[in-house]
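The values are calculated or read from the model by the stated rules, or taken from the named source; none is laboratory data. Here the structure is a predicted model, which is why all the values come from computation and not from measurement. Positions of Cβ are generated from backbone atoms using ideal geometry, with glycine treated the same way; all protein chains shown enter the neighbour counts.
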Amino acid sequence: MSKNLTSRSEDYSKWYNELVVKADLAENSAVRGCMVIKPYGYAIWEKMQAELDRMFKETGHQNAYFPLFVPKSLFEAEEKNAEGFAKECAVVTHYRLQNDPDNPGKLRVDPKAKLEEELVVRPTSEAIIWNTFKGWVQSYRDLPLLINQWANVVRWEMRTRLFLRTAEFLWQEGHTAHSTKEEAVAEAKQMNEIYASFAENFMAIPVIQGLKTESERFAGAEETYCIEALMQDGKALQAGTSHFLGQNFAKAFDVKFANSDGKQDYVWATSWGVSTRLMGALIMTHSDDKGLVLPPNLAPYQIVIVPIYKNDEQFIEISNQAETTMQSLRSQGITVKFDNRTTQRPGHKFAQHELQGVPIRIAIGPKDIESGTVELARRDTLTKEVVALDNLTKTVKRLLEEIQNSLFQKALDFRSSHITKVETFEEFKTVLEVKTGFISAHWDGSAETEDKIKEITKATIRCIPLDSELENGVCVFSGKPSKQRVLFAKAY
RNA sequence: CGGGGUGUAGCGUAGCCCGGUUAUCGCGCCACGUUUGGGACGUGGAGGCCGCAGGUUCGAAUCCUGCCACCCCGACCA
């Protein structure tokens, strides 16, 4: 039996399988559609967490934590939200096991331990958080309330896929309450911009900021902002979302405040989140056939030093050199690992670090000790050069920046060449099949047209780009008038 | 839930149609030796309720029945 991390597209499955399994990031666990994040993969997630957390706090947000379980009565309070998630909820119905009289040594659910009210395992936390917010808000002086939580959520999807759609995933979810609509909308936009900046500057993944159409919108939201990225196989990936929730949740959970005129009003809300799906985006944006390629900002260690030696004496000498080099690099804020395992040969280490995407490898051997040099190898370009020890730190620092920029530029070039303007539906279908990527086309604004295009081509409207210019045209499908182009693509 | 497929060592597999010694091979693992500037080589070794239960048979990985799990295609989807 194969435990492959397969997909609908064979080409992709091969590529993904290689990367994820061999890259030592994760493997399928015995639990349906869940993933084990191995230490190396988790270290990447921690880097992402740290940077996002910093950005959230700089914009006035605070972390808190809310329960995993949501009583069904709370869950169903906001109808649209409940309806949107109802089909993918794990539900706790009992609280005790007992010895199974028919099956010695086995346990069964104690039928007497049925819960009065079922508990929904959170697929998202709006319900429990808004129920709590009710007690936190009385006056406009209590606003805005800017809360973020780092948590796991469960969505019982029919089909799961490692990183992109696991049954349980880690994420952060921000939930905010504001006294005015304008402020809430501004918050939703701001968080989307933070996501875009994080994706581009930190992860080196170019993204398009846009608005979702009504049918792609979050259940319970008035407006959904998103960042959309393009993967190397030409499919789009929603990498993050930020929702303006209007007063829907405030009304559902009765969260009112007294404004400065002493009048009661419902608060305005936002919610926003990014998840371990971003790690999927990272893999699918930068990796190559040799494994992961990590941008220096995200690498658990930016440099690995590999010693090359023939005997103990050489090993000691090279280790001393490596320690010195490591200290001087570390003093400049560069993260370094000295791979001094004596159980693996150099070639094996080279291959393994390439698989793990370490941005720069430094090899030190007897020849280098003699000439006062080291060998520098870049993961992204797979090029090598011999560098003098004297200005190593400076060279490495510059190189790390260069790698970070060059990864972004490469991904940006790929995306730019994969946004195609089309005017006819024939063109639309051809581009989708032959070239793939985003298609920029006019759309009449109706859900009906959107549905039909999806049915025929499997492409969906990824977003209405925020920066798109108004331009008169006719819908690529219906021929009805349209005022601006939207982006279509096949998506994960 | 509908359609198709697969379960043999940590992983990947041969054997199954046509039942018959001690279940095949590769990777990985362990020991020793030689090696070490791109995933080393040699020799030796460990590791299996052949998915589970029942049946047919002198004899079942192989045939039959039931069950379970997983994978792929569809509805769903951050």
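Data table
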quantity: Matching residues, region A:337-347, being near RNA strand B (Cβ under 10 Å from one of its atoms) and not in a loop (DSSP other than H, G, I, E, B); calculated: A:346, A:347
quantity: Considering residues of region A:328-367 that are among the charged types (D, E, K, R) and touching a residue at least 24 places away in the same chain (Cβ under 8 Å) only, the residue surrounded by the most Cβ atoms within 10 Å (Cβ to Cβ); calculated: A:361
quantity: In region A:28-53, residue modelled with the lowest pLDDT [restricted to those that are in a loop (DSSP other than H, G, I, E, B) and of a type outside the set (A, V, I, L, M)]; calculated: A:29
quantity: Matching residues in region A:348-384 - criterion: being within 9 Å of RNA strand B (Cβ to nearest atom) and of a type in the set (A, V, I, L, M); calculated: A:351, A:355, A:362, A:363, A:364, A:369, A:374, A:377, A:382
quantity: Members of region A:304-336 found to be more than 32 Å from the chain's Cα centre (by Cα), in a helix (DSSP H, G or I) and under 24 Å from residue A:397 (Cα atoms), listed by number; calculated: A:318, A:319, A:320, A:321, A:322, A:323, A:324, A:325, A:327, A:328
quantity: Any hit, region A:308-323, residues being away from RNA strand B (no atom under 11 Å from the Cβ), surrounded by 19 or more Cβ atoms within 10 Å (Cβ to Cβ), over 25 Å from residue A:197 (Cα atoms) and modelled with pLDDT of 95 or more; calculated: yes
quantity: Out of A:265, A:288, sole residue that is surrounded by fewer than 18 Cβ atoms within 10 Å (Cβ to Cβ) and away from RNA strand B (no atom under 14 Å from the Cβ); calculated: A:265
quantity: Residues (surrounded by 12 or more Cβ atoms within 10 Å (Cβ to Cβ) and farther than 18 Å from residue A:83 by Cβ) located in region A:106-130; calculated: A:108, A:109, A:110, A:113, A:114, A:115, A:119, A:129
quantity: Residue A:377 being surrounded by 18 or more Cβ atoms within 10 Å (Cβ to Cβ), of a type in the set (A, V, I, L, M, F, W, C) and under 30 Å from residue A:325 (Cα atoms); calculated: yes
